[in-house]
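Below is one structure, written out as structure tokens, with a few remarks after it.
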């Protein structure tokens, strides 16, 4: 499995059998997507920032609604969450679970919900957590609390300020500091051959370099 971050909230998840793209953004965000090809595209919100379907070739299946799906060998669960603090009328917080290549990836669109013990139990074991860290004031603290609850084996932060992004977001600094990342080398992508590539008794923090243009 290869996990590639394109900046903002957009990822490509490439498996042995297929590829999923999450939240392809519009050029108005200030970032430019590279040419993308996928079997399935997932969009977590009704906002125009996340609906650049034209940027993805391959005649992908489009998922914007909660449910259970299987596309190109990727088992996908899309679950709508109820926002408690968000004031955006168009916002539709979602949780996406991907099960492929014997790995389980969880993608959270925002942290405007309170994750109850039951919700955490329903999510279950997570190998890789993709979590927003710059959208809410003190969002990095909420992200770390959720990481403590879910205990994923690897965490990839997203949805934070990067060069060129016109959306007002917090930077990565506070999240990295609380995670104890005094120094790190951003990677172009995160490659996993199996669960054995992940730590068993701790959480690894993976910082990715946005792949744009």
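Label separation (residue 138 vs residue 119): 1.7 nm, computed from points 7 Å beyond Cα along the C-beta direction. Principal semi-axes of the equivalent ellipsoid, √(5λ) from the alpha carbon gyration tensor of segment 88-167, are 21, 15, 13 Å from largest down. Once the Cα-Cα distance is subtracted from the 0.36 nm per residue extended length, the residue 145 to residue 202 segment shows a gain of 19.0 nm.
Given the choices (i) 16.4; (ii) 10.9; (iii) 12.5, mean projected area of the Cα convex hull in nm² derived from the coordinates of this structure is entry (ii). Take each peptide in 115-124, 163-172, count the other Cβ atoms within 10 Å of every residue, and average; sorted highest first, the result is 163-172, 115-124.
Among bridges DSSP assigns within segment 2-205, what percent are antiparallel (round to 5)?
On the way: 27 of 45 bridges.
The answer is about 60 percent antiparallel.
Label separation (residue 161 vs residue 57): 3.6 nm, computed from points 7 Å beyond Cα along the C-beta direction.
What full-extension length gain, to one decimal in nm, is calculated for residue 195 and residue 64 as 0.36 nm per residue of separation minus the Cα-Cα distance? Please report the intermediate quantities before stating the final value.
On the way: separation 131, 0.36 × 131 = 47.16 nm, distance 2.90 nm.
Residue separation times 0.36 nm, minus the Cα-Cα distance, leaves 44.3 nm.
Which of 82, 9, 183 comes first, and how do the rest follow, when ranked by fewest Cβ neighbours within 10 Å?
Working: 82 10, 9 27, 183 5.
Arranged by neighbour count, lowest to highest, 82, 9, 183 become 183, 82, 9.
For the chain, what does -39500 (n - 2.57) per DSSP helix run (n ≥ 4), summed and divided by total residues, give at 222 nm, in deg cm²/dmol to the nearest 500? Display every interim value, and only then the final one.
Working: 3 runs with 25 residues, N = 213.
After summing the helix terms and dividing by residue count, I get -3000 deg cm²/dmol.
Peptides 12-22, 50-60, ordered by how many other C-beta atoms sit within 10 Å of their residues on average, highest first, read 12-22, 50-60. Taking a ≥ b ≥ c as the square roots of the eigenvalues of the Cα gyration tensor, segment 157-213 is oblate, since a/c reaches 1.5 or more and a/b is not larger than b/c.
Between residue 185 and residue 16, what length in nm is gained on full extension when 0.36 nm per residue of separation is reduced by their alpha carbon distance? Intermediate results must be reported in sequence, preceding the final value.
Details: separation 169, 0.36 × 169 = 60.84 nm, distance 2.66 nm.
The span from residue 185 to residue 16 would gain 58.2 nm if fully extended.
Here, each number is a calculation from the coordinates, and none is a lab measurement. Note that this is a predicted model, so its numbers are computed, not measured. All Cβ positions, glycine included, derive from the backbone under ideal geometry; neighbour counts span all protein chains shown.
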